[in-house]
């Protein structure tokens, strides 16, 4: 690996344990049998893409989902199903980030939405913490606040340009192949984190 000066981390499946199947199962139980066609790790239809780029509000998301499915589920049921994928933070990975901070510029780049943002911050605060989650990084970037979304090239370019990072000296760690491929196409060094792999075992 070429010498690196900065590392950009994904969140879900990298620092936060997630299980997309739990959300799929919850929505299927609620009556949305084709949920896997609407949203998965590898794909998001326009409704979910708009949610993750902040183009629609949470209320509009709930209303539009009900309109499209014709089920008119209570907001709390949709919220709970949508948040079901969010599990626990990887505590050893958080500790590892602290060891990296003196050596590299650290960034978070996550496709997320305000519903999940609120939910995973609550999960993070379930344990006693001496700092906010974002303080592990020089800056945390969330797609819903940027109007941009992985794997589109412009989201990577934005982070590189705003922080004056050289692609060849920047490492991107993600658990989704399409996101890795997009970053690599821009000359960014990449590591695809597979199932059962953890950042604390990376040769950094």
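Computed values, structure above
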{"item": "Residue-averaged [θ]222 nm for the chain, counting only DSSP H segments that reach four residues, each worth -39500 (n - 2.57)", "result": "-11500 deg cm²/dmol"}
{"item": "Stokes-Einstein D in µm²/s, Kirkwood radius over Cα pairs - the range 4-66 at 25 °C with 0.890 mPa s viscosity", "result": "182 µm²/s"}
{"item": "Exposure proxy order (Cβ contacts within 10 Å, fewest to most) of 146, 85", "result": "146, 85"}
{"item": "On Cα atoms only, tilt of 114-124 relative to the major axis of the chain in degrees", "result": "60 degrees"}
{"item": "Sequence-separation-based contact order of the range 20-83, relative, with Cα cut under 8 Å and 6+ spacing, percent", "result": "36 percent"}
{"item": "Cα long-axis angle, helix 91-100 against the chain (0 to 90 degrees, to the nearest 10)", "result": "30 degrees"}
{"item": "Euclidean distance between Cα centres, the range 55-100 to the range 1-24, Å", "result": "17 Å"}
{"item": "Fully extended contour minus Cα-Cα distance, from residue 117 to residue 185, at 0.36 nm per residue", "result": "21.6 nm"}
{"item": "Fewest-first sequence of 130, 59, 138 by Cβ atoms within 10 Å of each Cβ", "result": "130, 59, 138"}
{"item": "Taking 105, 169, 92, 3 and counting other C-beta atoms within 10 Å, the order from fewest to most", "result": "3, 92, 169, 105"}
{"item": "C-alpha center-to-center spacing [the range 32-46, the range 153-188] in angstrom", "result": "25 Å"}
{"item": "Relative contact order, percent, the chain [alpha-carbon distance under 8 Å, six or more residues apart]", "result": "31 percent"}
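Rule-based calculations on the coordinates, nothing more; no lab input. Not measured: the values here are computed from a predicted model. Cβ: placed from backbone, ideal geometry, glycine included. Neighbour counts: every protein chain shown.
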